[in-house]
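In what follows, a single structure is set out as structure tokens and then discussed.
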Amino acid sequence: MKILVAVLLLIFVLVPAAAQEFRPGNKIKSLALSDTIVSTAIDRPGDFYVVTSTGQIQRFDKDGKLTFLYKAETKPTLFDPRDGARLFVYYREGQRYDYLNPSFQPTASFKIDPAFAIQPWLICPSGEYKLWVLDQADQSLKKIDVKALAVEVEVVVDSSVVDSVAAFRAMREYQNFVFLLDPAMGIFIFNSLGKHIKTVSAPGIRSFNFLGEELYFLRGGSVEFFNLFTARSRQMGIDSQYRDILLTDERMILFTIQGIDIFAFRP
């Protein structure tokens, strides 16, 4: 399966993608927030989260009901709710990462060992006990087994790929690949050995996410999808007022600076 994904990701370079137009369903709910939304996330069961400029993390169910509000000490650098049972939060300030339970109570908190990364810029979880770390000090991408206290992968990011890893604003592992976002250029894809294999050109985007086999992101007035297995693409027209999007098998959640609109959706 890993080989198949790797081959098909490389097809992005070779095969022109086909386009498909479609529209969301009926609006279910609109919400107004009192704070500015800086990032969004969704867990596997379908609850979604917003991180605000004051460091709040708000969790909503699929119909827009606020189910929890957590006030972090400072605004998180990266928040990944994963499966909803073990939430991951990284703070570049202080170089700390926490695991939280569904009630947002810390179950574990760790400092990043300088022996593994001198100047971490971004980190993201890999399974239960491993981390991907982007180290600004030596421009490297590393995979660390924090339980075994061992570095499994360590690769210097080629300067021809990106001038500085500080250009990256988000990082996530999916299907054993690492996806890094440079808002000025797009999404950079690295394989399980830390090798850069593809850049999805998408200058100006704020975020990206995944729905099943598809990578998706919002650009201008369109949501763009790329199937990681077939290399096909499709687009969906969206009102240009929206800044971010999250999708499930049942819902499309669209975000403005301080608002949320929830629509029925079928992939």
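A few remarks follow.
- Top-ranked residue in the range 54-69 [being more than 20 Å from the chain's Cα centre (by Cα) and under 12 Å from Pro102 (Cα atoms); ranked as surrounded by the most Cβ atoms within 10 Å (Cβ to Cβ)]: Phe68
- Pair list, Cβ < 7 Å and 6+ apart or interchain, from the range 22-49 residues that are among the charged types (D, E, K, R) and outside any loop (DSSP other than H, G, I, E, B) to residues that are modelled with pLDDT of 95 or more and loosely packed, with under 12 Cβ neighbours inside 10 Å: Lys29/Asp63
- The lone criterion from (1) surrounded by 16 or more Cβ atoms within 10 Å (Cβ to Cβ); (2) within 19 Å of the chain's Cα centre (by Cα) left unmet by Ala85 is number (1).
Residue-by-condition table, conditions (1) in contact with a Leu (Cβ under 8 Å, 6 or more places away or on another chain); (2) closer than 27 Å to Leu66 by Cα; (3) modelled with pLDDT of 95 or more:
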site	(1), (2), (3)
Val200	yes, no, no
Tyr216	yes, yes, yes
Leu228	yes, no, no
Arg232	no, no, no
Gln235	no, no, no
Ile245	yes, yes, yes
Arg251	no, yes, yes
Phe263	yes, yes, yes
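- Strands (runs of 3 or more DSSP E) enclosed by the range 164-267 - at least 1 residues per element that are under 24 Å from Val153 (Cβ atoms) and basic (Lys, Arg): 170-174, 196-201
- Scan of the range 165-185 for residues that are surrounded by 19 or more Cβ atoms within 10 Å (Cβ to Cβ), within 14 Å of the chain's Cα centre (by Cα) and farther than 20 Å from Lys130 by Cα, ordered by number: Phe168, Leu181, Asp182
- Any hit, the range 129-136, residues being in contact with a Phe, Trp or Tyr (Cβ under 6 Å, 6 or more places away or on another chain), farther than 26 Å from Arg44 by Cα and either part of a loop (DSSP other than H, G, I, E, B) or acidic (Asp, Glu) (or both): yes
- Among residues of the range 55-88 being modelled with pLDDT of 95 or more and of a type in the set (Ser, Thr, Tyr), the one that is farthest from Leu122 (Cα to Cα) is Thr67.
- Scope the range 215-248; condition touching a residue at least 40 places away in the same chain (Cβ under 8 Å) and among the acidic types (Asp, Glu); matching residues: Asp244
The values are calculated or read from the model by the stated rules, or taken from the named source; none is laboratory data. Being a predicted model, the structure only gives us computed values, none of them experimental. Neighbour counts are summed over all protein chains in view; Cβ atoms, including those assigned to glycine, are modelled from backbone coordinates with ideal geometry.
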